[in-house]
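Notes to accompany the following structure.
The values are calculated or read from the model by the stated rules, or taken from the named source; none is laboratory data. Remember, predicted model here, so these are calculated numbers, not experimental data. A quick note on method: Cβ atoms are made from the backbone with ideal geometry, for glycine too, and the neighbour counts reach across all protein chains shown.
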């Protein structure tokens with residue numbers, strides 16, 4: 001197997017967009033600042049020649065690189081030993097093959113972004129991405145310079161795996177689970193909720209944090225810290241009391257601070273795990289208000305199962321329409337009819353009948369809008385119609 005090659009993206013493309021033959025991205029990803037996330041934490045400083053002098057966690061960096069199939073930066077004996085194993089070399093070879101198929105798609109998305117997305121002062125803005133799962137990949141390629149990404153979905157945050165405590169057999173299983181967890185996002189460009197429940201719930205590979213760490217590694221980021229986040233500590237304490245009326249799913253969260261290895265730009269992902277239906281938000285009544293404080297934000301919705309098409313998620317829909325000035329989505333996001341005259345809507349690609357069993361999401365008015373407004377073609381799959389060339393994309397600007 002060839003050693004990973006450090007390659008640079010062409011000007012104007014994200015660091016994802018390397019030629020298919022060059023899988024590796026120079027990177028250092030870091031990890032959990034809390035003991036909850038990793039067993040050990042070795043903090044190192046970037047070399048003087050690097051753009052950034054922000055301290056980052058070497059152990060989590062190496063762990064994320066290993067899982068991403070990238071030859072890790074040498075210096076951590078535990079990581080170095082694992083990288084010399086046959087099981088890891090086979091894993092890296094497969095990950096390289098899979099990633100090589102993803103790179104052209106991301107490059108096309110980046111070209112579209114540079115041509116079509118005009119977001120004022122993106123470096124000062126927050127991206128709000130409901131029903132995201134761990135999808136840093138699409139958020140980063142379309143909104144690479146937003147200062148913060150706020151994700152929320154059902155999946156638990158989890159932790160970066162503690163590779164030091166694993167046996168050889170367990171490490172091999174971890175690599176197998178990693179490939180399974182990344183399969184859908186690599187192939188389809190979205191996660192399947194029912195699959196994630198199983199893929200992200202094993203003893204060795206747990207939650208969204210390790211998936212996001214892998215994607216950060218592929219994007220040439222160093223993780224500065226991963227810390228638990230509790231938006232409502234008083235409610236957390238209250239719901240832990242025996243006999244208390246409590247939500248079926250209690251809210252939890254994680255914040256990943258990271259830095260670009262080349263430019264030194266600092267960003268963060270804040271991920272919340274909760275049931276965001278209006279019915280469940282009775283237990284967290286200030287949640288959407290807290291998210292709306294990031295305004296004016298950018299909204300992003302993708303492969304969202306048409307959840308915002310009825311009144312189960314009215315609070316989330318209203319929050320997005322009120323707190324954002326740009327929304328990028330496919331037809332599964334906010335229905336077309338909710339964009340009033342104060343929104344300018346531009347359509348891309350095609351509008352096709354929703355896939356089974358989601359035909360309830362069909363929008364006659366959106367179909368008519370596509371017929372009336374000559375849409376701009378897109379050269380990449382986006383959403384559920386990833387396989388048949390019928391993807392559509394909507395950009396709404398207030």
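Of all the residues in the range 346-375, those that are touching a residue at least 24 places away in the same chain (Cβ under 8 Å) and more than 17 Å from residue 336 (Cα to Cα) number 1. Could you tell me whether any residue of the range 125-141 is more than 23 Å from residue 209 (Cα to Cα), modelled with pLDDT of 95 or more and assigned to a helix (DSSP H, G or I)? No - not one qualifying residue is present in the range 125-141. Being more than 30 Å from residue 380 (Cα to Cα), surrounded by fewer than 19 Cβ atoms within 10 Å (Cβ to Cβ) and without any contact (Cβ under 8 Å) to a residue 24 or more places away in the chain holds for only one residue in 89, 81, 97, and it is 81. If the condition is being modelled with pLDDT under 90, part of a loop (DSSP other than H, G, I, E, B) and buried (at least 16 other Cβ atoms within 10 Å of the Cβ), then the range 203-219 contributes 204, 205.
For the range 247-267, the condition holds for at least one residue, the condition being that it is surrounded by fewer than 16 Cβ atoms within 10 Å (Cβ to Cβ), under 18 Å from the mean Cα position of the chain (by Cα) and assigned to a strand (DSSP E or B).
Any residue at all in the range 282-294 that is buried (at least 23 other Cβ atoms within 10 Å of the Cβ), in contact (Cβ under 8 Å) with a residue 24 or more places away in the chain, out of contact with any helix residue (DSSP H, G or I) (no Cβ under 7 Å at 6 or more places or on another chain) and closer than 29 Å to residue 142 by Cα? No - not one qualifying residue is present in the range 282-294. Assessment of the range 323-342 against the conditions (over 15 Å from residue 396 (Cβ atoms) and free of Cβ contacts under 8 Å to residues at least 12 places away in the same chain) yields no matching residue.
Taken together, the residues in the range 293-303 that are closer than 21 Å to residue 117 by Cα and either modelled with pLDDT under 95 or in a loop (DSSP other than H, G, I, E, B) (or both) amount to 5.
Report whether or not residue 104 is more than 17 Å from residue 329 (Cβ to Cβ), in a loop (DSSP other than H, G, I, E, B) and out of contact with any helix residue (DSSP H, G or I) (no Cβ under 6 Å at 6 or more places or on another chain). Answer is no for this residue. Can we say residue 219 is touching a helix residue (DSSP H, G or I) at 6+ places or on another chain (Cβ under 6 Å), free of Cβ contacts under 8 Å to residues at least 24 places away in the same chain and over 17 Å from residue 153 (Cβ atoms)? For residue 219, the condition - touching a helix residue (DSSP H, G or I) at 6+ places or on another chain (Cβ under 6 Å), free of Cβ contacts under 8 Å to residues at least 24 places away in the same chain and over 17 Å from residue 153 (Cβ atoms) - is not met.
You will find that of 154, 137, 127, the residue that is closer than 24 Å to residue 255 by Cα and surrounded by fewer than 23 Cβ atoms within 10 Å (Cβ to Cβ) is 154 and no other.
Each residue in the range 235-246 was checked for being surrounded by fewer than 17 Cβ atoms within 10 Å (Cβ to Cβ) and under 29 Å from residue 311 (Cβ atoms), and 6 pass. Restricting attention to the range 336-360, the residues that are surrounded by fewer than 18 Cβ atoms within 10 Å (Cβ to Cβ) and farther than 20 Å from residue 118 by Cβ total 12.
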